[in-house]
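Here, each number is a calculation from the coordinates, and none is a lab measurement. Note that the structure is a prediction, hence the values are computed from the model and not measured. For neighbour counting, all protein chains shown are included, and Cβ atoms are generated from backbone atoms with ideal geometry for every residue, glycine included.
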């Protein structure tokens, strides 16, 4: 599992997000990739259509990742072909608050090992209910 292209890409994605390294993070995606984090309508994506293409993904980074401190805690990972599902939570610290987003976080890579889809199944209201001041 640890040497599968999708697992390598998912680990690099998380490391770049934690480091807030926009260029390293964007380099992991295919040109027509989509990021849905979370899936469906949210304050990051009011229409719930996801962020498709490098420009949209870069804008998502600026809005959601750059101003946040992220910690990933996955207790289970399932690698199936070019896809991976991770079960656990992300601790997000931003704007003086810390929230816990529990869910399932998936990655799909293309034949070149570039991320073609990053999808996060977590509920905004449920995460907001965990908010504590820091």
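Can you tell me which residue in region 6-29 is nearest to residue 73 (Cα to Cα), limited to those that are in contact with a strand residue (DSSP E or B) (Cβ under 6 Å, 6 or more places away or on another chain) and crowded, with 17+ Cβ neighbours inside 10 Å?
Within region 6-29, the subset in contact with a strand residue (DSSP E or B) (Cβ under 6 Å, 6 or more places away or on another chain) is 6-7, 9-10, 14, 17-18, 28-29.
Filter once more, keeping what is crowded, with 17+ Cβ neighbours inside 10 Å: 6-7, 9-10, 14, 17, 28-29.
On the way: 6: 18, 7: 15, 9: 17, 10: 13, 14: 11, 17: 14, 28: 21, 29: 22 Å.
That would be 14.
Listed here are the residues, each with its yes/no results for (1) under 19 Å from residue 116 (Cβ atoms); (2) within 14 Å of the chain's Cα centre (by Cα).
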| residue | (1), (2) |
| --- | --- |
| 39 | yes, yes |
| 53 | yes, no |
| 63 | no, yes |
| 68 | no, yes |
| 72 | no, yes |
| 80 | yes, no |
| 84 | yes, yes |
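Quick check on region 19-33. Is at least one of its residues under 19 Å from residue 102 (Cα atoms) and within 12 Å of the chain's Cα centre (by Cα)?
no
Listed here are the residues, each with its yes/no results for (1) surrounded by 15 or more Cβ atoms within 10 Å (Cβ to Cβ); (2) touching a helix residue (DSSP H, G or I) at 6+ places or on another chain (Cβ under 7 Å).
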position	(1), (2)
63	no, no
67	no, no
78	no, no
84	yes, yes
90	yes, no
96	no, no
101	yes, yes
106	yes, no
109	yes, yes
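Residue by residue through region 41-58, note down the ones that are in contact with a strand residue (DSSP E or B) (Cβ under 8 Å, 6 or more places away or on another chain) and exposed (fewer than 13 other Cβ atoms within 10 Å of the Cβ).
Once the filter is applied, which keeps residues that are in contact with a strand residue (DSSP E or B) (Cβ under 8 Å, 6 or more places away or on another chain) and exposed (fewer than 13 other Cβ atoms within 10 Å of the Cβ), region 41-58 yields only 48.
Go through region 75-134 and give me each residue that's out of contact with any strand residue (DSSP E or B) (no Cβ under 9 Å at 6 or more places or on another chain) and within 24 Å of residue 41 (Cβ to Cβ).
95, 125
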